[in-house]
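**Q** The structure that follows is given in the form of structure tokens.
The values are calculated or read from the model by the stated rules, or taken from the named source; none is laboratory data. Please read these numbers as outputs of a predicted model, since none were measured by experiment. Cβ atoms come from the backbone with ideal geometry, glycine included; neighbour counts cover every protein chain shown. SASA here: full protein model, heavy atoms, side chains in, ligands and nucleic acids out. Shrake-Rupley method; radii C 1.70, N 1.55, O 1.52, S 1.80 Å.
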Amino acid sequence: GFESEAEALKLRDEVFRATHSTLKGLTLASQEGRLPKPFAEPMLGEYWAAHCDFDAYLPRNNEFREQLGELRELGYKLVVFSNAPRKYARRCLDSLGLREFFRDDFIFGVEDVMPACKPEAAAFRTVLDAVGADAASSIMFEDSLKNIRACRALGMRCVFVEEEVGGEAALLGDAAKAGDADLYEAKVR
């Protein structure tokens, strides 16, 4: 293994900053021989799904559940796309009480779009193609400005979900730039 937890976290942060996805980053680090043992992609999703304290960090929101129900009743295709492993994304939805709103084949993890991942255009196109949608008729709810920039470049409308503290934006230094407010139609917390 690694000589210390700090060494492992240093590599994780490095590959995450480079690839925007822990799964993709560890896969590449393994292929480059930078890990103490070969990395098997399913291991990460399995581990996170079994060991994360989802309920402590993902509170349920009944108002949001009602809004998703209304969108579903209006016939909208509801899709989840995460740069995390699919199993982890599904576990998050379970904890939030939202899984019922998304067809299993409309829940995408990074392994579904690799070797691309968000914010690469190819990743978004893969998801859009899989669900039979086009960018111009899609709305992305996203907590990352880099991903919003990529979606807008494809012609999608966007809603910026602003995180209150920490998160991916803090790790990646994904700060707002001049003109970013023009990238999204709304901002929510």
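**Q** Can you name the residue in the range 65-79 that is free of Cβ contacts under 8 Å to residues at least 12 places away in the same chain and in a loop (DSSP other than H, G, I, E, B) and, of all such residues, is surrounded by the most Cβ atoms within 10 Å (Cβ to Cβ)?
**A** Only one residue fits best here, namely Tyr76.
**Q** Ok, one more. Kindly indicate whether any position in the range 119-130 is within 13 Å of the chain's Cα centre (by Cα) and open to solvent by 20 Å² or more (accessible area, probe 1.4 Å).
**A** Within the range 119-130 (the criterion being within 13 Å of the chain's Cα centre (by Cα) and open to solvent by 20 Å² or more (accessible area, probe 1.4 Å)), the answer is yes, since at least one residue qualifies.
**Q** Got a number for residues in the range 90-118 being farther than 18 Å from Trp48 by Cα, touching a Ser or Thr at 6+ places or on another chain (Cβ under 8 Å) and open to solvent by less than 20 Å² (accessible area, probe 1.4 Å)?
**A** Count: 4.
**Q** What number of residues in the range 1-45 are closer than 17 Å to Val113 by Cα, touching an Asp or Glu at 6+ places or on another chain (Cβ under 9 Å) and in a helix (DSSP H, G or I)?
**A** Here the count works out to 9.
**Q** Still on this model: Of all residues in the range 49-64, which are open to solvent by 60 Å² or more (accessible area, probe 1.4 Å), under 19 Å from Ala89 (Cβ atoms) and assigned to a helix (DSSP H, G or I)? So that I can check it myself, show each step before the final result.
**A** Kept after step one, since they are open to solvent by 60 Å² or more (accessible area, probe 1.4 Å), are these residues of the range 49-64: 50-51, 53, 55-57, 59-64.
Restricting the remaining residues to those that are under 19 Å from Ala89 (Cβ atoms) gives 50-51, 53, 55-57, 59-61, 64.
Of everything in the range 49-64, those that are open to solvent by 60 Å² or more (accessible area, probe 1.4 Å), under 19 Å from Ala89 (Cβ atoms) and assigned to a helix (DSSP H, G or I) turn out to be Ala50, His51, Asp55, Ala56, Tyr57, Phe64.
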